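Participant: Following this message is one structure expressed as structure tokens.
Laboratory data are not the source of any read-out in this text; all were calculated from the coordinates shown. For clarity, every value in this text was computed on a predicted model and none was experimentally measured. Cβ placement follows ideal geometry from the backbone for every residue including glycine, while neighbour counts extend to all protein chains displayed.
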Amino acid sequence: MVSPHRLKLQLASDGTRPLFMEIAYSIIGEIERGRLKSGDRLPGTRALSASLKVHRNTVDAAYQELTMQGWLVARPARGTFVSDDLPEPAGQDLPAPGPRSPVSPTESGTARPTLRVSDGAPDARLMPATQLARAFRTALTTPVFIGGGDYGDPRGAIRLRAALSDYLVAERGLTAPANDILITRGSQMGLYLAAAALLEPGQVIAVEEPGYPLAWAAFRAAGARVLGVPVDEHGIDVDRLSALADREPDLRAVYVTPHHQYPTTVTLGAGRRLRLLELARRKRLVLIEDDYDHEYRFEGRPVLPLTARAGTEGVVYLGSLSKLLAPAVRVGYAIAAPAILTRMADRREAIDRQGDVPLEQALAGLIEDGELRRHTRKARRIYNERRDLFAAAIRDELGDHVTFDVPAGGLALWLRLRCGLDAESWAARAARIGLEVSPGVKFALDAARAPQAFRLGYASLNEADLRSVARMLKNTIDS
Ligand SMILES: Cc1ncc(COP(=O)(O)O)c(C=O)c1O
């Protein structure tokens, strides 16, 4: 093990970057200079924090950052090591910098570790990876699970569709038989297939604005025209939607995120739900309900989906495992009436024949044996804590500059900026000190209507990172 004293960590203490990042940069510098080599074991966090006279969590956060970036590898019960997967250091012979001339990562050619705030990603480190890997292995080595040598159903493995059917009725009040469920590679494929099945080129789909640009991309790929309907604190404005329906004879569908509106996090109010369903029925509009993070409700029970009330007639319901596990696990699902589902399945088969059968079998196993529910309960508790911690940190650091409602659920905060502040230029200033955040313009159909706001995902960041985000935003309000 490398002793803490052998590490020549140079920590600039001008406060422009959080301390854990300074430590992370310094370790990268040591690797680049060849003073730390592939396979070297780093000092334990206790020893290094004592030697640097910083809190142990700070060193832990630096190690986590570098592990996520691939510089370090954490080996359970053995320690943290320099990754084996690094190129030979270019500056092998460089002397260690003198104490008064720290080499900045930029000068030494290393990209700064950026603290990236997602738009609401889960923490993939919490995923039950071992259980999933075990279930995947079982699926691969059990011929009946992978259909012998033959192709399977383009709607997905029946075992997963049946497991989801049971899960969704219990968790979300959705009565969908397995045959009304189509497994997709994430809800993105579901959006694309729904658009292709429902919309003729030139037809109109109404969407929430601000909203989810990747949904708009899927609708446009089907040749549809995408028109925005404003969102307020109760969700999509149904009166404005009704007016749009009156003047747009080609309006065919409406895309909504009723549970936690993307990006503003609000829940569609009860009255609005009823009026939306009534309007859709009267105008023969199909609702595409994107219920992407249903389980993450911290105040009370989740609100049942529109589809639970309306049934699948005139509704396409989309779900995803991206928030429950990780976006890298590409599995989502669509529920629709048989005629629409068949059209979606036909289109899916044309581009993707069938899904990832071993993965689908493995996920079915995780649902059947309760692992997915156990994981969800644990993740919900952790995200609830992170939401509260982050909300408090933002209030402390930025209370004079932003307003927000603590969301009842979901994995992000929506910060509205005080009048006069510009989200895009604030985000650009933050980027210069290594913080990446999403300003409102990213969620606008028309940049001229961009909300002066940030969507800040908190679930994937640990406590130290969440505090850093608030502090870094404060440091860049107007510098
Ligand atoms: C509004 C919305 N819908 C759906 C998803 C999930 O997408 P996918 O299942 O393709 O990973 C996301 C993920 O960020 C999202 O923000």
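Participant: Among all the aspartates and glutamates, which ones have a C-alpha under 12 Å from Lys378's C-alpha, if same-chain residues fewer than 8 places away are not counted?
Facilitator: Once the sequence-local aspartates and glutamates are set aside, what remains near Lys378 is Asp123, Glu295.
Participant: Hey, another quick one. Taking 2.2 N^0.38 Å as the expected size of a compact globular protein, what ratio does the Cα radius of gyration of region 375-475 give against it, to two decimals?
Facilitator: 1.07
Participant: Cβ neighbours within 10 Å, averaged per peptide: list 213-223, 124-134 in order, most packed at the top.
Facilitator: Ranking the peptides 213-223, 124-134 by packing returns 213-223, 124-134.
Participant: A further question follows. So which trypsin sites (Lys or Arg not before Pro) in region 415-448 end up in coil per DSSP with only 15 or fewer other C-beta atoms within 10 Å?
Facilitator: Counting only loop positions with at most 15 other Cβ atoms within 10 Å, the trypsin sites (Lys or Arg not before Pro) in region 415-448 are Arg418.
Participant: Let me ask something additional. Expressed as a whole percent, how much of the Cα-Cα distance distribution for region 231-282 exceeds 13 Å?
Facilitator: In whole percent, the share of Cα-Cα pairs in region 231-282 beyond 13 Å is 56.
Participant: Report the per residue volume, in Å³, of the convex hull enclosing the C-alpha atoms of the chain.
Facilitator: About 164 Å³ per residue, rounded to a whole number.
Participant: Do the sum for the chain: with -39,500 (n - 2.57) for every DSSP H run of n ≥ 4, divided by all residues, what is the mean residue ellipticity at 222 nm, to the nearest 500 deg cm²/dmol?
Facilitator: It comes out at -12500 deg cm²/dmol, rounded to the nearest 500.
Participant: Using the Cα atoms of region 299-341 to build a convex hull, what is its mean projected area in square nanometres?
Facilitator: 4.0 nm²
Participant: Okay, next question. Restricting to Cα pairs below 8 Å that are 6+ residues apart, what does the relative contact order work out to for region 375-475? Please round to a whole percent.
Facilitator: Averaging sequence separation for qualifying contacts and normalising by length gives 33 percent for region 375-475.
Participant: Within the chain, what is the longest stretch that has no GluC sites (Glu not before Pro) placed in a DSSP loop and near at most 13 other beta-carbon atoms within 10 Å?
Facilitator: For GluC sites (Glu not before Pro) (loop position, at most 13 other Cβ atoms within 10 Å), the longest site-free span of the chain is 314-479.
Participant: Could you grab the relative contact order for the chain? Cα pairs under 8 Å, six or more apart, rounded to a whole percent.
Facilitator: Dividing the mean separation by the residue count of the chain yields 19 percent.
Participant: Suppose we keep just the DSSP beta bridges with both residues in the chain; what percent of those would be antiparallel, to 5?
Facilitator: 55 percent
Participant: Could I have the simple spin-label model distance between Ala431 and His5, label points 7 Å from Cα toward Cβ, reported in nm to one decimal?
Facilitator: 4.5 nm
Participant: Continuing with the same structure: At 0.36 nm per residue, and after removing the present C-alpha to C-alpha distance, how many nm does the segment from Leu214 to Thr403 gain when stretched out fully?
Facilitator: Contour length minus Cα-Cα distance gives 65.4 nm.
Participant: Check Gly409: other-chain or 5+ apart residues with amide H under 5 Å from its amide H, H built from backbone geometry?
Facilitator: Under 5 Å from the amide H of Gly409 lie the amide H atoms of Phe298, each far enough along the sequence or on another chain.
Participant: Treating only the Cα positions of region 132-197 as identical point scatterers, give the base-10 log of I(q)/I(0) from the Debye formula at each q in 0.20, 0.23, 0.24, 0.28 Å⁻¹.
Facilitator: -0.98, -1.12, -1.14, -1.18
Participant: In whole angstrom, how long is each semi-axis of the equivalent ellipsoid of region 129-373, when you take the square root of 5 times every eigenvalue of its Cα gyration tensor and sort them from largest down?
Facilitator: 31, 20, 14
Participant: Okay, next question. Quick one: dipole size for region 387-446, taken about the Cα centre, charges +1 on Lys/Arg Cβ and -1 on Asp/Glu Cβ, in debye to the nearest 20.
Facilitator: 60 debye
Participant: Against the longest principal axis of the chain, how steep is helix 19-32, in degrees 0 to 90 to the nearest 10, with axes from Cα atoms?
Facilitator: 70 degrees
Participant: Here's a follow-up. Could you sort the peptides 181-191, 400-410 by per-residue average Cβ neighbour count (10 Å cutoff), highest mean leading?
Facilitator: Going by the mean number of other Cβ atoms within 10 Å, highest first, we get 181-191, 400-410.
Participant: Another one. Above 16 Å lies some portion of the pair distances; for region 331-388, what is it as a whole percent of all C-alpha pairs?
Facilitator: The answer is 63 percent, as a whole percent.
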